[in-house]
Amino acid sequence: MGTITHNDARNGPPANTPPIHLIWTDPPYGTGKRMAGTAGAYKDGADLAPVIDGLLAWLPAMHPTGTVVVCCDYRLAAKAITAIEKYGWQYRGEIIWQFGLGRPRTSWWPVRHNNLLTFTRTAQSAAGMFDPAAVPRVKRLAKSPGYPDTKPAGSVWDFTMSNSHPDRTGYPNQKPLEIIEPFILAHTKLGDLVADPFAGSGSTGVAAAKHGRNYLLNDTNPEAIAAMNKRLNNPQKETTQ
């Protein structure tokens, strides 16, 4: 089951929302650029403060043993860690997601990755559910007798979602399911609630529904709401706060 809300994340989730076991979100990055695609566009504001405030507004509603994952770029990463830690959440490390799309800059060293920051309420592993079997597996570069051909991925993941991928919605900055699904499988159980306060094209909801989890998706852009409803084929679940 899922709910899509047309709402400013700083208002918090709808009333009577059950415990949120995982937040996986890809908030605006504060670049000041206009992001556009065939199915919609949005202005990525230049001020990072609303981005941080919007995410933190959801944290008090989290389940005590829940997990927060924030996908961001290098400019937002350090500020997000500092801000979220001030609200009592423990930074647990990050995954570097390398992607192959985008034009490399020539004015400085290329930045072709995002940071997937992870947080739980305490620094102990028991504080948040974690299933190590959910870690993606990659091919071993060198085969060794007695070892399988694959091994668990390290802290750098390499996934590229081509522009012609059949899952493409046309909404800008769509994230591949491959970088969301492992967190859902590792940190939630069947029937748990997964939330995304900046849901965009709805990839978090698609990944949650695919694996039998409930989802709560939120965005302020009507074009994002339309893209999510079309993708999830569930327009009757939309609510407005």
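Taken together, the values in this text are just the output of simple stated rules run on the coordinates, not laboratory data. Just so we're clear, the structure is a prediction, and the values are computed from it rather than from any experiment. Every residue, glycine as well, gets a Cβ built from its backbone with ideal geometry; the counts of neighbours run over all protein chains shown.
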Practice problem: At 0.36 nm per residue, minus the direct Cα-Cα distance, what do Gln90 and Asp8 gain on full extension? Give it in nm, one decimal, please. | Solution: 27.0 nm
Self-check item: Spin-label pair Arg105/Asp47, simplified geometry with 7 Å Cα→Cβ offset, distance in nm
Solution: 2.4 nm
Quiz item: Pairs Lys143/Lys189; Lys86/Lys151; Lys139/Lys175; Lys139/Lys210: which are spaced more than 32 Å apart, C-alpha to C-alpha?
Solution: Lys143/Lys189; Lys86/Lys151
Quiz item: What percent of all Cα-Cα pairs in region 84-187 falls in each 5 Å bin, counting up from 0?
Solution: 2, 9, 15, 18, 18, 16, 12, 7, 2, 0
Practice problem: Report the full-extension gain for the segment Met35 to Glu178: residue separation times 0.36 nm, less the Cα-Cα distance, to one decimal in nm. | Solution: 49.3 nm
Quiz item: Once the piece of chain linking Tyr147 and Asn16 is laid out straight, how much longer is it, given 0.36 nm per residue of separation minus the C-alpha distance between them?
Solution: 42.2 nm
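Arrange the following residues from fewest to most other Cβ atoms within 10 Å of their Cβ: Phe130, Phe119. Don't jump to the answer; show the numbers that get you there.
Numbers: Phe130 16, Phe119 24.
Ascending Cβ contact count within 10 Å gives the list Phe130, Phe119.
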Quiz item: When the chain is treated as a GNM, springs tying every alpha-carbon pair under 10 Å, which of Thr17, Thr122, Thr150 comes out with the largest mean-square fluctuation?
Solution: Thr150
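Per the helix-only calculation at 222 nm, which mean residue ellipticity applies to the chain, given -39500 (n - 2.57) for every DSSP H run of n ≥ 4 and division by its residues, nearest 500 deg cm²/dmol?
-5500 deg cm²/dmol, from helical runs alone.
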Quiz item: Zone of Lys230 (label point 7 Å along Cα→Cβ, backbone N under 14 Å): which residues in region 32-68?
Solution: 37-41
Exercise. Could you check which residue among His21, His187, His165 shows the biggest mean-square fluctuation in a GNM of the chain with a 10 Å Cα cutoff?
Key: His165
Practice problem: Rank the residues Tyr147, Tyr42, Tyr91 as a footprinting-exposure proxy: fewest other Cβ atoms within 10 Å of their Cβ go first. | Solution: Tyr147, Tyr91, Tyr42
Quiz item: Given the options Lys79, Lys189, Lys143, which has the most mean-square fluctuation in a GNM of the chain, springs set between C-alpha atoms less than 10 angstrom apart?
Solution: Lys143
